[in-house]
Every structure is written in C-alpha cells, then in structure tokens.
Amino acid sequence: MHHDVTNQESIDAALINKGSRLKKKLLLVTPCISPVPLAVSFVVKNFLGEFAPDEFVVAAERWPENPTAQTETESGHPVEFISQRWTWPKRGQRYVHWAKWLTLGGVKKRLLDMIRRHDCGGILCIFPNEQLLYASYRVAVKTGLPLFPHFHNVYRENRHGMAKRIADYLQPRVFARSKIVFVMSSGMQRGWERVYPAVKFVPLTHSNCDQVPEYTPAPEWPANQIRLGFLGSINDSNLEALGRIRQLVRSSPDVVLNLYSNAKPWFLDKVGLSGERVTASSPSNEELISKLQSNDLLVLPHGFEGGLAPIEYETIFPTRTVPYLLSLRPILAHSPAHSFLNHWLREHDCAEIVDVKDLSALRERLDWLRQNPARREELVRNALRAVQKFDAATVARQFRLQVNSYL
C-alpha cells in the first residue's frame, strides 16, 4: 500500500509540475454563477469546466435566478453564497451600490470561514464587483494568501466622484498585493502596462468549452426581411453604437432586431431601443447558440464614445464575441478603428466592419452582405478558425502554469 501511495504522490507531483493541476485549492470569488444570464457567469462556467472539483471552491452573490438549493456548479465545484443580490424598485437602484458596502463585514467573515474549512491556498477574484474585490483584498491581507484578481474591465479609470475616491484607494493596493493581475485581453494588458509598468499583467481570455462545429451553410437570406441579432449586456460600452443599429432598423422596413439581453423593459424604453420591429428576451446560456442561429446576421456594436474612459473603449473585448464566432452566422461589427476589438477582428477577418459613425455606411454594408453570400460564408469559416484561440483547455493550462509558481 505504501508503495502505491508513493507512486500516486509522484504522479501527482509530475502533473503539478506540468501545470495540469493546481498545487493548492483556490477560492473563486465571483459576482454570479450560472444560471444567471450574464457574461460573467458564462465566463466562469466555461473556465471552471476545465478544473477538477477539488481545485476550486466558489463564493458567489445569490441572484433571484439562483436555485435556493444550489450547492455546486455544473462542473461539481462547491458553491456557497456569501451575499444577496438586492432587487430594489427602479427608483432605488442607485442606492443599492452604496448600501452594499455596509454588508462587507459579513462577507469577509464568510470568505475567511470558507478558506479555513476548504483549506484554500489562494484567492481568484472576478471584477467587475468592487465590493467583492475589496473583501477579497482584505481577506488576502489578513490571511497572507496570494491574490489573483481577474479584471473583465478597467476599474479606476471608469469612476467619478466618490466612486473615484474609493477606486483611487483600492486599485493601487490590489495591484501591489497581487502576484498576477489577470486581464481579459492582450489589448487590456498593453493599455494598463503603459500606466502601471511595475505590475505583472497576464491575459486570461474567455474560455470556450463547446465543441467547435463543422461549417454548414446557413439558410438563404429572405428576400423580404433581414433578422439582426444582438447578444450581451447593454451599457456605456456599446450603447452609443447600438443606438445607430436601432436607427438602421427604424429607417429600414425590411430589417428587424432581436435583442438577447438581461436589460429590463423600462431601460430599453429609456435608451430608445424598444419599439417597432424590435424584440427583447433573456435566454439562458444553454439557449444562446440556438437563439443566435435564428437570425441572418449578428451585430457586434462597440462604443465610439460614451460615459466610459477612453482606455475602456480602446481595450475592451466583448464577452459574447465567443458565442458569435460559434454561431455559424456572419458578424457585422460596428466599432472604432483604434480599438483592440477592431484589430482582432481584422486580423482574423471574421467580421464585416463599419468603423465610422455613419448610418448610411451601416446600411451599405448590410446591403452588400445581402448580395454577397460568398463573403458571408467566408466570414463564418474564418470565425470557426478564430474561435479556437479561446480553447478552454489551453486557457486553463496557461492559468495553472502561471498560478502554480506562487502557490
């Protein structure tokens, strides 16, 4: 028996050295998990699917979409809910963010308890939730555990007023405490390296754990109506460009727009995205691809301007780009020429791009795609090649190799 154990320990050590397992279990702190229909839960689900249940324990905020009895992720990782997502009336939403700071004492206690019970050796915290980022930072300081934040967006640069003062305090301390700061793209890495040259930034891209499909021809575009599909959150990162897509639909009787988003009806009314020839729904992660495939063309809007910092528009890479690439449908991107997204799409030639703020240019590209099925096929084939860059097993292997040197 002793001989068998020794052999197994040698095998485990060899696997760890090759980066195929984490040396120690990590606590993953995330704003939400599946089935919440948000990009963060989609990213977390695909990422965790490449790790054994004993490599991560998950601390999450409970949303109304979470079953009350949920105790593990789809991939078998233990889950504990450390806070509650508040569903206040519309007029009270602006107070929720500030009120949640008052609950952080309890959140930190629950995180410390999870670390003790599960014998965690490090903390991976998903941003954009600055309260959970702060709690993770304070717990890392108290325990001495290595901290690995994963920023899906830039932080301090997008804050104003009192929120900016909090970010001025928190971001440099998180950066100084962190062994590695993971970011969503190489564009985000380059953008922050210019400002923080002493910090180790490492891209940890979106993960795709779905099998890349074989190319199959899409249905012919109907002669009388084109169906445009949009998937994702609607916010300052894309609202300005998506507004022009809405203008295109409003001025084109032969075009309809299907929005797949968690946005509330009152919000869509407020920002002018509801109305004639526009439908809105919030599909589950399991329904995403089939919903996208019910359209003729997928639109990928990326803000030219808005309420975010210039570095955000320059570096952001929309999470839902990955299911777009898998959808077997062509993509029309409306994004500024200087953005990382634009450079990436051009490099892989997987989207038709309109990089000027011009409604007539959008209409011209749409009409051109309608008349050129060969180009539509080329875009889809290129997308299937490009999506292999997000292979979940490769992303997980790179993550283990990076993190294991600090565990």
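Since every read-out is calculated from the coordinates, none of them should be taken as a lab result. Predicted, not measured: the structure shown is a model, and the values here were computed from it. Using ideal geometry, Cβ is built from the backbone for each residue, glycine included, and neighbour counts are taken over all protein chains shown.
Computed values, structure above
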| read-out | value |
| --- | --- |
| Neighbour-count ranking [beta-carbon atoms within 10 angstrom, fewest first] of Leu239, Leu300 | Leu239, Leu300 |
| Crossing angle, helix 39-48 versus the chain [Cα axis fit, 0-90 degrees, rounded to tens] | 50 |
| Estimated vicinal HN-Hα couplings, Hz - the stretch 365-380 in sequence order (Karplus 6.51, -1.76, 1.60; Gly, Pro = x) | 5, 4, 5, 5, 5, 4, 8, 10, x, 5, 5, 4, 5, 4, 4, 5 |
| Partner aspartates and glutamates for Lys109 [C-alpha distance under 20 Å; skip if fewer than 8 residues away on the same chain] | Glu61, Glu80, Asp119, Glu130 |
| Range of Cα positions in the chain per principal axis (Å), largest first | 72, 52, 45 |
| CD proxy at 222 nm, helix term only [per DSSP H run n ≥ 4: -39500 (n - 2.57); per residue of the chain; nearest 500] | -12500 deg cm²/dmol |
| Of Pro323, Tyr196, Ala99, farthest towards positive along the dipole that unit charges on Lys, Arg, Asp, Glu beta carbons give the chain | Ala99 |
| Projected-area average for the stretch 226-389 over all orientations - Cα convex hull basis, square nanometres | 8.8 |
| Directionally averaged shadow of the stretch 97-163, computed from the convex hull of its alpha-carbon atoms, nm² | 4.8 |
| Within the stretch 366-402, backbone nitrogen closer than 17 Å to the virtual label 7 Å beyond the Cα of Ser20 toward Cβ | 393-402 |
| Karplus 3J(HN,Hα) series, Hz, for the stretch 116-121 with 6.51 cos²θ - 1.76 cosθ + 1.60 (x for Gly, Pro) | 5, 5, 9, 6, 7, x |
| Charged-residue dipole, Cβ positions (Lys, Arg, Asp, Glu), the chain about Cα centre, Debye nearest 20 | 1520 |
| Fluctuation leader among Ala218, Ala392, Ala333 - the chain, Gaussian network, Cα springs under 10 angstrom | Ala218 |
| Residue order, fewest to most surrounding Cβ atoms within 10 angstrom, among Asp367, Asp349 | Asp367, Asp349 |
| Among Leu27, Leu170, Leu297: highest mean-square fluctuation, GNM of the chain, C-alpha pairs under 10 Å | Leu170 |
| Rounded tilt (10° steps) of 161-177 against the dominant C-alpha axis of the chain | 50 |
| Top of Gln171, Gln131, Gln247 by mean-square fluctuation, Gaussian network on the chain, Cα under 10 Å | Gln247 |
| Residue order, fewest to most surrounding Cβ atoms within 10 angstrom, among Met114, Met184 | Met114, Met184 |
| Part-to-part distance (alpha-carbon centres) for the stretch 188-231 and the stretch 114-148, which is given in Å | 29 |
| Check: the stretch 226-389 dipole with +1 on Lys, Arg Cβ and -1 on Asp, Glu Cβ, in debye | 340 |
| Magnitude of the charge dipole, the stretch 159-246, Cβ model with Lys/Arg +1 and Asp/Glu -1, debye to 20 | 680 |
| Residues Lys264 and Arg346, FRET efficiency given R0 of 22 Å [Cβ-Cβ distance, rounded to 0.05] | 0.05 |
